[in-house]
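Structure record follows, encoded as structure tokens.
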Amino acid sequence: MKKLFLVSFIGMLVIGIAAMPTSVLAQEKGPIKIGFFAPLTGHAAQTGKDMLSGLQVYLKEQGSQVTGRKIELISEDTEAKPAVALTKVRKLVEKDGVHVLIGGLMASTGYALMPYVDSKKIPAIYAIMASDDLTQRHRGKWMVRTGWTSSQPSHPFGEYAYKELGYRKVATIGYDYAFGWEVIGGFQRTFEEAGGKIIQKLWTPVGTMDYGPYLGQINKEADAVFALFFGAGALQFVKQYKDYGLKDKIPLTGGGTTTDEHVLPSMGDEAIGVMTTLHYSAAIDTPVNQKFAQAFRKFAGKSASYYGEGPYTGGKWIIEAIKALKGKAEDREKFLSALKNLKIADAPRGPIELDSFGNPVQNIYIRKVGKVGGELQNTVIKVYPKVSQFWKYNPDEYIKQPLYTRDYPPLKP
Amino acid sequence: MRLITGSKFKIGGMIVAFFLLMMLPPILPSYWLTILTQMLIFGILAMSLDVLMGYTGLPSFGHAGFFGTSAYVVAILSTRYQVGFLGCVFGGFLLSTAIAFLFGLLVAHSGGVYFLMITLALGMVIWGLAFRWVTMTGGDNGIAGIPKPELGIPIPLEDPMVFYYFVLSVFLVVLILLYLFTRSPFGLSLRGIRDSESRMRILGYNTWLHKYLSYVVAGAFGAISGILWAYYNGFVSPMDLDLTASFEAFLMVILGGPGTLIGPALGAGMIVFLKNFISAYTHRWLLILGAIYILAILYVPGGIMELGKRLVKGGDKE
């Protein structure tokens, strides 16, 4: 008994460590391991789960295999914290020996992982993380972005708002962090270049639920409001926008996540008529998308959103690249090359190819919330094809300009 | 005075543990090596907090502030100003300790729940700075790309195994220093204050000064763990010094056994291990961790060390 504690404690430690499965040496006939990481607990849990579902739907469609090799999906929870993400990704790469990483929701995760991914030389598919700079001024070699940049959909919308909606003065409001700054910054730039003017920029802390104090401040002279929120916050904002009587006075527009299918089913009629911009809509009327939307609904029991489509297409990207390599995913450099050179013509969101900076060139959809068959959806009003992260600007000139931040572009006097 | 007090089993256990820590790494898979390194880094943090909590009886909910501040200084100096290893270490240590000197003035008069609340508030102040001072700290995005340390002498600290032994040596030095500190007359006075501050005051001790210095020492050693963390992780963010981080440090001490130094180090090891081990099998690891905490507080409030003493029964005479 006296020695028991000592022996058992040390014994447990040693056995516990020794019993851990060590990373399997990559074999060319062994399974292809895909490491998925996203917040699966915490405030972004629902979003992370949608992402996982999207990937799982795709892998299921493929029978969880490619070129005769089984696909093993290992998923890890990042808790929406970059430090946790780093720890979990370390585990995926070093302990589980994955061939490729896919996932990531928060911008902070994206920036945090880049040095590690580059030092370990492992391809990482960023299917959702939209921070502009990841494919502009702070590119990583081993990062393959198959999603979008925050400002990518905003650029065409700025023009659209001025030319086709006829707005001249717009007030903006959004979450006070990089994602908000970039979506709104992109809109401001093209809207003002077309001749419009942003008369007010309001910022709220991320995750705000009570927008009363902000709604009261909105400049009544605005022709429209451009808003950037997501998740439960978006739900609350759109509802309170109507409750405060603004809906009928000042048209509401915004970044796509404000009315994303992620929260749209929970919204009521107050969302009808809201126009937003994104590289996806569950209502895109193509056979590929309808098939995806139905499969997603069947698998996850909810409406497909861009959070689901991103990793679905990301999964497709990985599989198509492996097919191009005839199954030899062990040569990391070749794998990376294959991923970067891939073009997909039939993703649910439409055709995608990567620009020289590693970001998708793809369709941007201007959507308007409408009720179809008793359900709200983001009906597609207009499509801008082949939009790049740089819009119509020269990439090198664009990069010389500062990144969109809270105060850039500045408000004109 | 005996160099090391404690039963044969405690000493025996420490020797075996030391042996394992020295000998295991070459046979350990690289992933577990990094986990072991993490355990040591948080072991330092937990031991530093134990000085304050376990020996002086002052519970703190803001200790991660010192951990995070030094980590941020290392991050900023190394990535933005290309300052070398020694410069970053000194910078991190100095700023963190300076803050301890400053904050200590605000907290040393209090105790118990009040101390808890004030340290919580001060911890939040530091978090607030990290989160909002975006131009300096990168805010929510944190600071990535911290380069691996270079000592100037040809020791490749980028190699995980070499880095591990580096961390291990710092851990052992800290352990010895804190051991001597807590066994010193000053350290014994701290325990007196923990047991009854009023009695110590009546005896003529300047308890305010003792508490102040204890806080500063705890902060300074906490800073050391933060520096190691910055280099280990390559990335620093506000999550490294928020309330949850402070609370985890707090729990490492509680779970390990406050007032024993080794206990909190074991507690840190256990929490780091569980965090990484459990989350591989279930996404509900927080639930399991919470259950362990509750069970510990209900049945073994003295933590791992008490568990050890109970099992051994022959116990040590301390």
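Values quoted throughout were computed directly from the atomic coordinates according to the rules given, and no laboratory measurement underlies them. Here the structure is a predicted model, which means the values were calculated and not measured. With ideal geometry, Cβ positions are generated from the backbone for all residues, glycine too; neighbour counts draw on all protein chains shown.
Points worth noting:
- Among B:Gly68, B:Gly43, B:Gly204, the largest mean-square fluctuation in a Gaussian network model of chain B (Cα springs under 10 Å) belongs to B:Gly204.
- Applying the criteria of a DSSP loop state and at most 15 other Cβ atoms within 10 Å to the chymotrypsin sites (Phe, Trp or Tyr not before Pro) of region B:245-285 yields B:Tyr281.
- Among the trypsin sites (Lys or Arg not before Pro) in region A:258-360, those placed in a DSSP loop whose Cβ has at most 15 other Cβ atoms within 10 Å are A:Lys326, A:Lys328.
- The charge dipole of chain A, taken about its Cα centre with unit charges on the Cβ of Lys, Arg, Asp and Glu (plus for the first two, minus for the last two), comes to roughly 860 debye.
- Along its principal axes, region A:84-243 has C-alpha extents of 58, 33, 19 angstrom, given from the largest down.
- Span-rule helices in chain B, defined as complete DSSP H runs reaching 20 Å or more along the axis (Cα) with Kyte mean at least 1.0: B:8-23, B:30-50, B:64-80, B:85-107, B:112-132, B:160-183, B:262-278, B:285-299
- Stretchable slack from A:Glu221 to A:Lys392, in nm (0.36 nm times residue separation minus alpha-carbon distance): 58.5 nm
- Cross-link partners of A:Lys81 among aspartates and glutamates, defined as those whose alpha carbon lies under 12 angstrom from its own and excluding same-chain residues fewer than eight positions apart: B:Asp140, B:Asp240, B:Asp242.
- Averaging over all projection directions, the Cα-based convex hull of region A:295-409 occupies 10.6 nm² in the image plane.
- For region B:115-224: rounded, prolate or oblate by the Cα gyration tensor [a/c cutoff 1.5]: oblate
- Relative contact order, percent, chain A [alpha-carbon distance under 8 Å, six or more residues apart]: 17 percent
- If you take all other residues with their beta carbon under 14 Å from the beta carbon of B:Ser78, and give Lys and Arg +1 and Asp and Glu -1, the sum is 0.
- Of all aspartates and glutamates in the structure, those lying under 14 Å Cα to Cα from B:Lys8, and not within fewer than 8 positions of it along the same chain, are B:Asp316, B:Glu318.
- Of all DSSP beta bridges in chain A, antiparallel share, percent nearest 5: 40 percent
- Neighbours of B:Gly128, meaning other residues whose beta-carbon lies under 15 angstrom from its beta-carbon, give a summed charge of -3 when Lys and Arg score +1 and Asp and Glu score -1.
- Top positive-direction residue, dipole computed over region A:309-400 with Cβ charges, set A:Tyr398, A:Gln362, A:Trp317: A:Gln362
- Ordering A:Gly158, A:Leu134, A:Gly147 by Cα displacement along the dipole of region A:125-164 toward the positive end leaves A:Leu134 in first place; charges were set at the Cβ atoms of Lys, Arg (+1) and Asp, Glu (-1).
- Selection from B:Met200, B:Met252, B:Ser30, by position along the positive dipole direction of chain B (Cβ): B:Met200
- Using the Cβ of A:Phe299 as centre and a radius below 15 Å, the other residues enclosed give a net charge of +2, where K and R count +1 and D and E count -1.
- Distance from the alpha carbon centroid of region A:54-128 to that of region A:227-274 works out to 32 angstrom.
- Simple Cβ-charge dipole of region A:133-266, Lys/Arg +1 and Asp/Glu -1, about Cα centre, in debye nearest 20: 220 debye
- Expected 222 nm ellipticity per residue - DSSP helices of 4 or more, -39500 (n - 2.57), all of chain A, to 500: -11500 deg cm²/dmol
- Amide H contacts under 5 Å for A:Ile284: none, restricted to partners 5 or more places along the chain or on a different chain, H placed in the peptide plane at 1.01 Å from N.
- Kyte-Doolittle at least 0.5, axis length at least 15 Å by Cα - qualifying DSSP helices, chain A: A:4-19
- Cβ-derived FRET efficiency at R0 41 Å, B:Leu105 paired with A:Asp407, nearest 0.05: 0.70
- Against the rule of thumb 2.2 N^0.38 Å, how large the Cα Rg of region B:1-70 comes out: 1.42
- Highest-fluctuation residue, B:Ala64, B:Ala17, B:Ala46 considered, GNM on chain B with Cα pairs under 10 Å: B:Ala17
- Lysines whose Cα lies under 19 Å from that of A:Lys249, excluding same-chain neighbours fewer than 8 positions away: A:Lys169, A:Lys197, A:Lys201, A:Lys220, A:Lys239, A:Lys368
- The GNM of chain A, with springs linking C-alpha atoms under 10 angstrom apart, assigns the highest mean-square fluctuation among A:Asp269, A:Asp331, A:Asp133 to A:Asp331.
- Paired Rg and Dmax values of chain A, which use every Cα atom, in angstrom: 22.4, 84
- Rg followed by Dmax, in Å, when region B:144-188 is reduced to its Cα trace: 15.2, 44
- Dipole moment magnitude, nearest 20 debye, region A:284-413 about Cα centre, only Lys, Arg, Asp, Glu C-beta charged: 360 debye
- Cα gyration tensor shape of region B:106-163, rounded if a/c is under 1.5, else prolate or oblate by comparing a/b with b/c: oblate
- Cut-off under 5 Å, modelled amide H: who pairs with A:Ile102 long-range: A:Gly35, A:Phe36, A:Phe37, A:Ile125
- From the alpha carbon centroid of region A:316-376 to that of region B:142-199 is 49 Å.
- Note that region A:66-71 has calculated 3J(HN,Hα) couplings of 8, 6, x, 9, 6, 9 Hz, one per residue in order, obtained from phi through the Karplus relation 6.51 cos²θ - 1.76 cosθ + 1.60 (θ = phi - 60°); glycine and proline are x.
- In plain terms, the residue of B:Leu241, B:Leu36 with the fewest other Cβ atoms within 10 Å comes first and the most crowded comes last, giving B:Leu36, B:Leu241.
- In region A:86-181, the ratio of gyration radius to Kirkwood radius, Rg to Rh, stands at 1.12 when only Cα atoms are counted.
- Whole-number percent relative contact order across region A:179-274, with pairs defined as alpha carbons under 8 Å at least 6 apart: 28 percent
- Flagged links, alpha-carbon separation over 28 Å, of A:Lys242/A:Lys382; A:Lys302/A:Lys326; A:Lys49/A:Lys328: A:Lys302/A:Lys326; A:Lys49/A:Lys328
- Think of it as helices only: each DSSP H run of n ≥ 4 in chain B is worth -39500 (n - 2.57), and spread over all residues that comes to -23500 deg cm²/dmol at 222 nm.
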